[in-house]
1. Of the conditions (1) within 15 Å of ARG135 (Cβ to Cβ); (2) crowded, with 20+ Cβ neighbours inside 10 Å, ARG198 clears all except one; give me its number.
2. Of the conditions (1) surrounded by 16 or more Cβ atoms within 10 Å (Cβ to Cβ); (2) acidic (Asp, Glu); (3) out of contact with any Phe, Trp or Tyr (no Cβ under 7 Å at 6 or more places or on another chain), ASP49 fails just one. Which one is it?
3. Is one or more of the residues making up the stretch 208-227 within 22 Å of VAL66 (Cβ to Cβ), in the same structural domain as HIS146 (by TED's automatic domain parsing) and surrounded by fewer than 24 Cβ atoms within 10 Å (Cβ to Cβ)?
4. So ARG41 ticks every box in (1) out of contact with any helix residue (DSSP H, G or I) (no Cβ under 9 Å at 6 or more places or on another chain); (2) part of a loop (DSSP other than H, G, I, E, B); (3) under 30 Å from LEU321 (Cβ atoms) but one. Which box is left unticked?
5. Here is a list: ASP323, ASP359, ASP303. Which entry is touching a residue at least 40 places away in the same chain (Cβ under 8 Å), surrounded by fewer than 17 Cβ atoms within 10 Å (Cβ to Cβ) and part of a helix (DSSP H, G or I)?
6. Go through the stretch 188-215 and give me each residue that's among the charged types (D, E, K, R) and in a helix (DSSP H, G or I).
7. I'd like the residue in the stretch 53-90 that is in a loop (DSSP other than H, G, I, E, B) and among the hydrophobic types (A, V, I, L, M, F, W, C) and, out of all such residues, is farthest from PHE236 (Cα to Cα).
8. Of all residues being among the polar types (S, T, N, Q) and crowded, with 24+ Cβ neighbours inside 10 Å in the stretch 268-300, which is nearest to ASP221 (Cα to Cα)? Just the residue, please.
Amino acid sequence: MQAETPDQKLRARAARVIPGGMFGHLNANRLPEGYPQFFERGDGCHLWDVNGRRYVDFMCSWGPIVLGHHHPAVTEAVQRQMAAGDCLNGPSERLVELAERLVRLLPHADWAMFSKNGTDATTTCVTLARAASGRRKILVAQGAYHGAIPWCTPNPLGVTAEDRTHLLTFTYNDVASLETAVQRAGDDLAGILVSAFRHDYGFDQELPDPLFTRRVRELCDATNAALIVDDVRAGFRMTLRGSWDLVGVQPDLSAWSKAIANGHALAAVTGNDRYRDAASKIFVTGSFWCSAVSMAAAVATLDELERNDGPARMRAMGQRLRDGIAAQAAAVGIGVRQSGPPQMPTLLFDDDADFAKGDLFTREALKRGVYLHPRHNMFLSTAHTEADIDFALEATKAAFDVVAAR
């Protein structure tokens, strides 16, 4: 009888003390067979699971790792701040430094405030839109993910109809459906909440259509509603100026998290002066929201991204991966679809409604030391090198051969 692996032993222990053994999107039971649940360490763009296996990491902790695991500049900033203090009776100077940095970087931002995760940030944006306008209706794209509490969670369990009474939906990049939703909201429209790009789980990704983004801006201006960009997932990977800056549109409010502090828990809301008064009056708080260590990590992270033009580096490595996969798929006659920005690639297979091809492909890549995802968009970091991409492409070539043989 084969001995249990460390990962299997930890799963058994977790099942006794954690409902379901794991929770949320980090549950490896939702991934193809063979994916590890527990990890030992990370360094650069590499991960080691508790079984001692090493992977080139293309999930980057589902987005937070933008410079690579255990980045020396971030680690030094964290250790220095930890020696001075983290969770104090009030914030440290890092709070002001980070707010100043965001205001300098982001064209739309006149101010910034902080919290701990993306749901905090998107919820604060919605609260601000309502507080400033005295209205209730918020428009969101059908199927978009903006967090994990009742007003926005994709899971209806435990959610009441009243939690979403004032949400109206439209189709991302569809101007006609957007205009219809605005008409339905009437004079009760507080804001329109949009993702940086369409990154719905299990679907081809869509970059924002400039015609659509301009119409969102026009409608918000015409109705005096807030244009809110949810940059939690994409922020600081596509550009350091806010994702919709790439299509020439500035929001009124933006939500940030994931990559802002290279794996340290932090989120931010940035906004223009129209929402400054409301931001000074609403009550949003948390015991850990002003912790200094994560803010020191964020300042160091932004330093490194600016110094090395992080978005350009991630785009180049993502394009190298995308080009290699396209050539491999064509060589064996397998239809694939690659979508989204190269820094955040999504790979889906043609004629694969049940994701069986994608599951097999990613499982075979995993066996060869490459951690991909069969349905979710993936993430590049500045730690990925040409050698890492080429190693990954050796694994994906073998994985394509297996899929072709089946």
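The values are calculated or read from the model by the stated rules, or taken from the named source; none is laboratory data. Not measured: the values here are computed from a predicted model. With ideal geometry, Cβ positions are generated from the backbone for all residues, glycine too; neighbour counts draw on all protein chains shown.
1. If we test ARG198 against (1) within 15 Å of ARG135 (Cβ to Cβ); (2) crowded, with 20+ Cβ neighbours inside 10 Å, just (1) comes out false.
2. (3)
3. Scanning the stretch 208-227, I find at least one residue that is within 22 Å of VAL66 (Cβ to Cβ), in the same structural domain as HIS146 (by TED's automatic domain parsing) and surrounded by fewer than 24 Cβ atoms within 10 Å (Cβ to Cβ), so the answer is yes.
4. Result: ARG41 passes all but (2).
5. ASP303
6. ASP188, ARG214, ARG215 - these are the residues of the stretch 188-215 that are among the charged types (D, E, K, R) and in a helix (DSSP H, G or I).
7. LEU88
8. Per the stated criteria, the residue is THR270.
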